[in-house]
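A quick write-up on the structure given underneath.
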Amino acid sequence: MWGEFDFWRILVEYFLDEADSIRIDCWNEEESIINKILSFSSSVDKESSERMTILTLPVNEKTVEQILYNAFDEKRRIKWFSLFLVRDGEVFFSSEHYGKEFSITGITKDELKWVKCVVPKNFIFHTY
């Protein structure tokens, strides 16, 4: 299912190589979405946030396939409110607001050039 968010899948796939875990945040009322990813999770946190369910997933073949090829709903939007890639306990990549906002830390100048080529021209992109 390719379309408006093609770049999302390309970016996530690239940066997944550096991740040792994945975190997905969903609104508590998104029960069907939570239930679909629940079997892939290694932990579920409903305590840290009053309104969010936080799922932690290992980086393995089944999880990566789920993230890359089942991330879109029937309207071709990202299913999850937030997706975070984690390395050594620190988030280094985030896709939030259903894929409409990105943050990537610790990338090289060459990686930044590549990201700018992948992201659509009309996508708001900030660097710090």
How many residues, within region 96-114, are in a loop (DSSP other than H, G, I, E, B) and either more than 11 Å from the chain's Cα centre (by Cα) or surrounded by 13 or more Cβ atoms within 10 Å (Cβ to Cβ) (or both)? 7
Residues being within 14 Å of the chain's Cα centre (by Cα) and exposed (fewer than 11 other Cβ atoms within 10 Å of the Cβ) - total across region 41-89: 1
Candidate set: region 25-40, residues that are in contact with a Ser or Thr (Cβ under 7 Å, 6 or more places away or on another chain) and crowded, with 16+ Cβ neighbours inside 10 Å; chosen: the one nearest to residue 58 (Cα to Cα): 40
Which one of the conditions (1) outside any strand (DSSP E or B); (2) under 15 Å from the mean Cα position of the chain (by Cα); (3) not charged (D, E, K, R) does residue 92 fail to meet, given that it meets all the rest? (1)
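Every read-out reported here was derived from the displayed coordinates using simple, explicitly stated rules and does not represent laboratory data. Values in this document were obtained by computation on a predicted structure and should not be read as measured data. Glycine gets a Cβ as well: all are built from the backbone with ideal geometry, and neighbour counts include every protein chain shown.
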